[in-house]
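Any read-out appearing in this document is the output of simple, stated calculations on the displayed coordinates, not a laboratory observation. On a predicted model such as this, the values are computed, not experimentally measured, just so you know. A quick note on method: Cβ atoms are made from the backbone with ideal geometry, for glycine too, and the neighbour counts reach across all protein chains shown.
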Amino acid sequence: MSVDPALPPPPGEWSANGPTSPGHPPIFSAPTVAGMPSTSGLPSWDSLQSDSDDGHWPENPVTPPPEPAAAPAPPKPSRRLLWAAIVLPLLTGVGGYLLGTSGSTPEDPPQKDKFAGTAVATLAESWLPDLGACLTARDPGGPMLDNGRVEAVTCQAGDVHVYFETFGTQQAFDDTRRYREQISRTSAGAMAPGPRTGPVSGVAGTYFEYVVDKTCGVFWGRAGALSDLRLETDCTAINGDWTVLRDLWARYS
């Protein structure tokens with residue numbers, strides 16, 4: 001391409017830095033028009049590229065405010081509070097935890113029929129108002145009559161299983177009691193076999209505690225009788241604290 005030297009140059013400014021070799025016109029810069037802002041003050045594309053991920057000019061290129069800090073997580077309940085949540089309802093009957101038959105009265109306990117005509121009825125009398133889900137050996141899913149037992153009734157008092165049983169002979173009763181006595185003597189934290197009087201009945205008998213696998217239990221047998229009472233629960237439910245079962249026994253025995 002050549003430039004006709006006879007033609008006048010267009011308005012504007014011609015740069016003297018442009019190439020002067022034949023066939024190359026000088027570099028021309030556009031004229032400045034009055035009232036039109038200069039393009040030199042606009043932000044460059046590179047300076048805004050970090051604020052626009054889609055390749056378009058942002059309407060208001062400002063830095064967004066920082067997000068508010070996340071609220072701290074609530075603290076976990078302490079082990080003492082968890083223990084109280086399990087133990088206190090068991091001892092006080094709050095919320096019906098202990099009262100398996102909430103609303104019953106001592107005059108007409110709903111589980112009374114399960115003990116009708118049995119030798120364990122006297123042993124169970126003080127427990128009846130707060131027992132629930134009782135089953136006899138005659139009921140489906142009830143306890144078995146084995147190892148010399150002639151009567152057996154199982155009930156619930158909250159998370160504690162309550163067993164009432166009568167043996168046909170003194171020998172069968174003694175054999176079962178001695179078996180648990182041996183376990184008691186090797187159970188950590190358990191009270192060893194010995195005489196003890198029931199706080200409610202005022203009747204003397206034999207009391208001891210034992211651990212079988214993960215089950216914590218209490219044995220109570222009145223003197224001169226072939227019947228006994230056992231309380232059993234998962235040791236983790238009472239946090240390994242025998243006071244829970246001891247207080248439960250003292251409340252009704």
Next on the checklist: Of everything in the range 158-191, what is touching a helix residue (DSSP H, G or I) at 6+ places or on another chain (Cβ under 6 Å) and over 19 Å from G224 (Cα atoms)? Give them in sequence order.
Outcome noted: G158, D159, A190
Checklist entry - Somewhere in the range 171-178, is a residue in contact with a strand residue (DSSP E or B) (Cβ under 9 Å, 6 or more places away or on another chain), in contact (Cβ under 8 Å) with a residue 24 or more places away in the chain, part of a loop (DSSP other than H, G, I, E, B) and charged (D, E, K, R)? => result no
Checklist entry - Which residues, counting only those in the range 220-239, are among the hydroxyl-bearing types (S, T, Y) and either buried (at least 21 other Cβ atoms within 10 Å of the Cβ) or not in a helix (DSSP H, G or I) (or both)? => result S227, T233
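Could you run through the range 197-219 and say how many residues are within 38 Å of the chain's Cα centre (by Cα), without any contact (Cβ under 8 Å) to a residue 24 or more places away in the chain and assigned to a strand (DSSP E or B)? Walk me through how you get there before you give the answer.
Narrowing the range 197-219 to residues within 38 Å of the chain's Cα centre (by Cα): 198-200, 206-219.
Add one more test, that the residue is without any contact (Cβ under 8 Å) to a residue 24 or more places away in the chain, and what stays is 213-215.
Of the ones still in play, those that are also assigned to a strand (DSSP E or B) are 215.
Summing the residues that are within 38 Å of the chain's Cα centre (by Cα), without any contact (Cβ under 8 Å) to a residue 24 or more places away in the chain and assigned to a strand (DSSP E or B) in the range 197-219 gives 1.
Just need a number here: residues in the range 107-157 that are assigned to a helix (DSSP H, G or I) and under 20 Å from L226 (Cβ atoms).
Adding up the residues that qualify gives 9.
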